[in-house]
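Data first, discussion second: the structure below is written as structure tokens.
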Amino acid sequence: MIPANEALERLREGNRRFVAEQRDDDGAGRSRRREVAAAQEPFAIILGCSDSRVPAEIVFDQGLGDLFVIRVAGNIVAPSQIGSVEFAAERYHVRLVVVLGHSQCGAILATLEELARPTAARSRNLRSIVSRIRPAVSKLVASRPPLEPDALVHQAVRANIRVSADHLRHGSPVLEQAITENDLMIVGAEYSLESGLVDFFDVPGVP
């Protein structure tokens, strides 16, 4: 079992390698594939967006079996995502959960568009994603004076990440118990599509 702070530092180091284009390819070789075929021991759980430009294993320069990754548009938290996090935390004794959003998130943009111009054209399933993001960003849309478009999107992305992280921290008795008794840490982070950097901006105990 890897403590949360050590796991977080591993992710930071991996992201630094990714940005510097010094990635370690050993984690995806034949020997590693054979090693993890029998069992897995991921050191972090990543709840990230499904965006094709943000694959967690590449962004954090990790190999097979290192990360337990859950991806859904808008990195939203619904019962199935909570259950997946609970499963990995309990089964594999993972002590770090990262909610990973990213700049210019399409689900955030769709939600902002919906708040500005409601439409019935979206399917019920797509609306379910928007409806989970809406509470996180509605106050930003209504702020006076209004935010500039770029600032609005940036703040909306971060607000949605914070809401998702808080939902995991306080919306599951299993995870609440793990936080209290097993030192589970749930953090929020934003990946920059432009720079490749991951900013861990929502870390419990860090201002």
* Structure fact -> Under the 7 Å Cα-to-Cβ spin-label approximation, Leu126 and Ala38 lie apart by a distance in nanometres of 4.8 nm
* Asked: What is the extension gain from Thr119 to Ser80, computed as 0.36 nm multiplied by their sequence separation minus the C-alpha to C-alpha distance, in nm to one decimal?
  -> 11.4 nm
* Structure fact -> Restricted to the chain, the DSSP antiparallel beta bridge percent, nearest 5, is 15 percent
* Per-residue [θ]222 nm for the chain (sum of -39500 (n - 2.57) over DSSP H runs n ≥ 4, rounded to 500) -> -16000 deg cm²/dmol
* **Chain lengthening between Val19 and Met1 when straightened (0.36 nm per residue, less Cα-Cα)** => 3.7 nm
* Structure fact -> The simple spin-label model distance between Asp199 and Asp150, using points 7 Å out along Cα→Cβ, in nm, is 1.3 nm
* To do: Compute from the Cα atoms of the stretch 85-207 the Rg and the Dmax, the latter being the longest Cα-Cα distance, and quote both in angstrom.
  => 16.0, 48
* To do: For Ile70, list long-range residues whose amide hydrogen, built 1.01 Å from N in the peptide plane, is under 5 Å from its own amide hydrogen.
  => Ile46, Leu47, Gly48
* Do me a favour and compute the ellipsoid semi-axes for the stretch 1-156 from its Cα gyration tensor, root of five times each eigenvalue, largest one first, whole Å. => 34, 18, 14
* To do: Evaluate the relative contact order of the chain (contact order divided by residue number), counting alpha-carbon pairs under 8 angstrom at least 6 apart; express in whole percent.
  => 24 percent
* Among Leu193, Leu184, which comes first, second and so on when ranked by fewest other beta-carbon atoms within 10 Å? -> Leu193, Leu184
* Asked: What helices does the chain have that are whole DSSP H segments, at least 20 Å long along their own axis by Cα, and with mean Kyte-Doolittle hydropathy of -0.5 or more?
  -> 124-141, 149-170
* Based on the Cα coordinates of the stretch 49-111, what is the per residue volume of their convex hull in Å³? -> 85 Å³
* How far apart, in nm, are two points set 7 Å out from the Cα along the Cα-to-Cβ line at Tyr92 and at Gln177? -> 2.1 nm
* To do: With r as the distance between the Cβ atoms of Ser52 and Arg134 and R0 = 25 Å, compute the FRET efficiency 1/(1 + (r/R0)^6) and round to 0.05.
  => 0.55
* Structure fact -> Interchain or sequence-distant (5+) residues whose placed amide H lies within less than 5 Å of the amide H of Leu96 are Ile45, Met185
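Where a number appears in this text, it was derived from the coordinates with a stated rule and is not lab data. Predicted model, so just to flag it, every value in this text is computed and none were measured. Backbone-built Cβ (ideal geometry, glycine too); neighbour counts: all protein chains shown.
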